[in-house]
Amino acid sequence: MKKQLKRSLWLICCLCAMYTLYSCKQETTAEMKLWYNRPATNWMKSALPIGNGELGAMFFGGIGHEQLRFNEKSLWSGSPELRGAYQSFGDVFLDFEGIDSCEVENYYRELSLDEAIGRVTFDCQGVTYEREYFASHPDSMIVARLITPGNKGKLSFSVTLKDGREGVTQCKDNTTLLLQNKLDLLSYEAQLKVMNEGGSLLIEGDRLVVKNADAVTLLLTGTTNFSLSSPSYIDETSEELHLRISDRIRKASIKGYEQLKQSHLKDYCPLFQRVKLDLTETLPVIPTDELVKFHKESLYLDMLYFQYGRYLMLASSRGMDLPSNLQGIWNNDNTPPWECDIHSNINVQMNYWPVENCNLSECHAPFLNYIFKEALKSDGSWQKVAQEEGLRGWAIKTQSNIFGYTDWNINRPANAWYCMHLWQHYLYTQDVNFLVEKAFPVMQLTCEYWFDRLKEDENGKLVAPDEWSPEQGPWEDGVSYAQQLIWQLFSETTQALQVFRKKGIQQNEAFEKELKDKFARLDNGLTIGSWGQIKEWKYDTWQLDTLGNQHRHLSNLIALYPGNQISYYRTPEYAEAAKQTLLSRGDLGTGWSRAWKIACWARLQDGDHAYRLLKSALSLSSLTVISMDNDKGGVYENLFDSHPPFQIDGNFGATAGMAEMLLQSHQGFIQLLPALPAAWPEGCIDGLRAVGDFTFNLKWKQHVLQECTLVSGSGNECTIYSPDIVIQKVEAASGEEVSVTASDKGLYTFQTEKGVEYHVILKN
């Protein structure tokens, strides 16, 4: 009874502290965490993820047995000539003496998104056991802490480190386990250091044994000798790799647990705390798995799922210049579905949909640098794809590994889609140096590829010959998927040239002239079909563009999302056709397909339909093998998106779609609460980003916007579209009123200054 009371008081104190720390203006925001009252037994469905952007793990197991399956982003088999697959690095097994069969009380397991820390606690035979896990970005380390508070000498267990490919592990010394091995091209190494407080630490064969310790800290790290910048993709010998890993472990062990933890929190918390969503629900008293099973209508679940996407982004996309793959960085199989690759026909792009608007622009860098480095390699495989066609520039196929190898179905329009990410990063950050040095060189090269490849159709329009619509139908000229992406590329490159002209940056006049000519004659991929839809194929020789086709891909709606050709404001006829297309496709789909539909309905400003898709995406899934059936998508009890199997793009896509429901800035103006659903009558969102380098805080009641503040990061002109609510005035934080120009179309424009906060005063 005393222990239960003690634990309850501890939880109350934690909650109070979190309420103080996290606030949506004057409102309080609930603690964000996944929690359970039973152990995790299945890696895919119930284990919980931690990660530092490069190195990650899933912790699961039971009472007397705990397992960490860990991964590192660059651990791939294959080479520049062989696809290979993303690999499972290995496992840490903790086997405890004397507690596996005991009667356990007060079992509790959580993943705190606010802190990026996993915890397990339980009582056994009068002793409280606590385990804590986190992945530190500053120290490149997975850290675990095991204690029995108030009970010294109660920790006795063995520690085993196993290679994911049957490699040999050994004891480096009496405190450290060593794993070394080689793949087709890469060498890799992991080290696990055990630091006991009290008791003893012994070597038994290939494992370390802790006896009667008061507390134990585990330090785990590992990596490969991969380098994207190296022509050979290798930048050090296995001996040099060993020295680097050993030094990393040595430095972390000197710091000790508390310093490592504080360094981790200091690094992570400011990034995660940038965005706070409060829908006025507090932390539920029921565990997360039961919330998904029986209370899917919960608004807390909405908040949690939104922030979970942001958490997974921070955990899987920081550090080395490699994008998150199909499973982020978490993988339990050496022959994973689709090789857990970098998949270019929607998946890797969707992974990065939420980075800019959800205020994690830094997490975009691994993908953007990957594009920049691979696309500009004159002797690289991406340019060779173009050269084999006798064309300038570069192109890729659908599946890619980390060594430049690309195969299975050439996906030429993906080069334009990749460029969209480069341009989006500029739009949100206004980083002209990035645009000049990285984005534009890739965009220009991509344009030149399409200059060479486009041909005239029977009407004199330029079309991409022999293209596809992923992942169905005929290969035809002028398919909407290709045309819409090329239009987006030419439009964005034109805008980039306008930026250069404004900044006085000299550009290639011949290129500019060719772009202008080609863009003027380009088919934009928007044709309304016989039943009011956006046509998917220009000619549709297979007659698949029919009412009721519920294929998972929305390839003919690129122009709606993530593109910006279609909107009710500028092109209402195409917006209505997009609506008919979505209605025909239905609300089911694979996990990522449902996420895409959330964003599309948000762009059509139908918040209730977007919300219906969100709840559909939160359907509990149990299938862990590959299925393309539309009714099998959803989430597992750990909230991992289920394609099925687990595929992380759906998590990221849903977060991006929810952000689109609350703020949009893709049309040259900023619209506030454009698709607010009836289910969210009251709430606030702080920290959403808008094009132009603006950060917004919004508060609403009874579905009406009440408060709006923004911070200007670059001092640009700001235009807000507010057709339903009159903006009375705009004031700087100093109280000075700002001059506002209002149009009869509901547009309000005012000049900002860099770093200044503005209050938008609404007319009641």
Looking only at the range 672-711, filter to residues that are part of a strand (DSSP E or B) and without any contact (Cβ under 8 Å) to a residue 24 or more places away in the chain; which one of those is farthest from Q605 (Cα to Cα)?
K701
Quick test of your reading of the structure: Q565 fulfils all but one of (1) at pLDDT 95 or above; (2) of a type outside the set (S, T, Y); (3) closer than 29 Å to D631 by Cα; (4) assigned to a loop (DSSP other than H, G, I, E, B). Name the failing condition by number.
(3)
Pick from W468, W542: which is at pLDDT below 95, within 28 Å of A575 (Cβ to Cβ) and in contact with a helix residue (DSSP H, G or I) (Cβ under 8 Å, 6 or more places away or on another chain)?
W468
L202, sole failed condition from (1) touching a Lys or Arg at 6+ places or on another chain (Cβ under 8 Å); (2) crowded, with 17+ Cβ neighbours inside 10 Å; (3) modelled with pLDDT of 95 or more; (4) not acidic (D, E):
(2)
Pick out, from the range 253-371, the helices (runs of 4 or more DSSP H) lying fully within it that include 2 or more residues that are farther than 25 Å from E660 by Cα and not polar (S, T, N, Q).
257-272, 288-294
Given the conditions (1) at pLDDT 95 or above; (2) in a loop (DSSP other than H, G, I, E, B), which single one is not true for I725?
(1)
For the range 684-707, which positions are over 16 Å from E356 (Cα atoms) and crowded, with 23+ Cβ neighbours inside 10 Å?
C684, L698
Just need a number here: residues in the range 604-625 that are in a helix (DSSP H, G or I), in contact with a Gly (Cβ under 9 Å, 6 or more places away or on another chain) and not small (G, A, S).
2
In the range 629-644, residues that are over 15 Å from P49 (Cβ atoms) and in a loop (DSSP other than H, G, I, E, B) total 7
V92: passes all of (1) surrounded by fewer than 17 Cβ atoms within 10 Å (Cβ to Cβ); (2) touching a residue at least 40 places away in the same chain (Cβ under 8 Å); (3) not acidic (D, E) but (1)
Which condition number in (1) closer than 29 Å to R83 by Cα; (2) buried (at least 21 other Cβ atoms within 10 Å of the Cβ) is the one that L192 fails?
(1)
Which condition from (1) surrounded by 19 or more Cβ atoms within 10 Å (Cβ to Cβ); (2) closer than 30 Å to N549 by Cα; (3) under 25 Å from the mean Cα position of the chain (by Cα) is the one that E492 breaks?
(2)
Say whether the condition of being among the acidic types (D, E), over 30 Å from I371 (Cβ atoms), touching a residue at least 24 places away in the same chain (Cβ under 8 Å) and in a strand (DSSP E or B) is met by at least one residue in the range 200-218.
yes
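Residue by residue, here is whether (1) within 21 Å of the chain's Cα centre (by Cα); (2) crowded, with 18+ Cβ neighbours inside 10 Å; (3) of a type in the set (K, R); (4) more than 15 Å from Y370 (Cα to Cα) holds:
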site: H421; (1), (2), (3), (4): yes, yes, no, no
site: H425; (1), (2), (3), (4): yes, yes, no, no
site: M443; (1), (2), (3), (4): no, yes, no, no
site: D452; (1), (2), (3), (4): no, no, no, yes
site: K461; (1), (2), (3), (4): no, no, yes, yes
Kindly provide the set of residues from the range 735-749 that are in a strand (DSSP E or B) and either of a type in the set (F, W, Y) or out of contact with any strand residue (DSSP E or B) (no Cβ under 9 Å at 6 or more places or on another chain) (or both), ordered by number.
Y748
What tally of residues in the range 54-80 results from selecting those that are part of a loop (DSSP other than H, G, I, E, B) and at pLDDT 95 or above?
7
Would you point out the residue of the range 570-602, among those that are of a type in the set (A, V, I, L, M) and touching a Pro at 6+ places or on another chain (Cβ under 8 Å), that is farthest from N651 (Cα to Cα)?
A602
Where the second residue is buried (at least 24 other Cβ atoms within 10 Å of the Cβ) and of a type in the set (F, W, Y) and the first is within 15 Å of Q430 (Cα to Cα) and lies in the range 357-372, which pairs have Cβ atoms under 7 Å and are six or more apart or on separate chains?
H364/Y352
Within the range 323-365, residues surrounded by fewer than 21 Cβ atoms within 10 Å (Cβ to Cβ), touching a Leu at 6+ places or on another chain (Cβ under 9 Å) and of a type outside the set (F, W, Y) come out as P336, P337, E362
Quick check, is D452 more than 16 Å from A559 (Cα to Cα) and in contact with a strand residue (DSSP E or B) (Cβ under 6 Å, 6 or more places away or on another chain)?
no
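The values are calculated or read from the model by the stated rules, or taken from the named source; none is laboratory data. Quantities reported herein were computed from a predicted structural model and do not represent experimental measurements. Please note: Cβ atoms are built from the backbone with ideal geometry, for glycine as well, and neighbour counts cover all protein chains shown.
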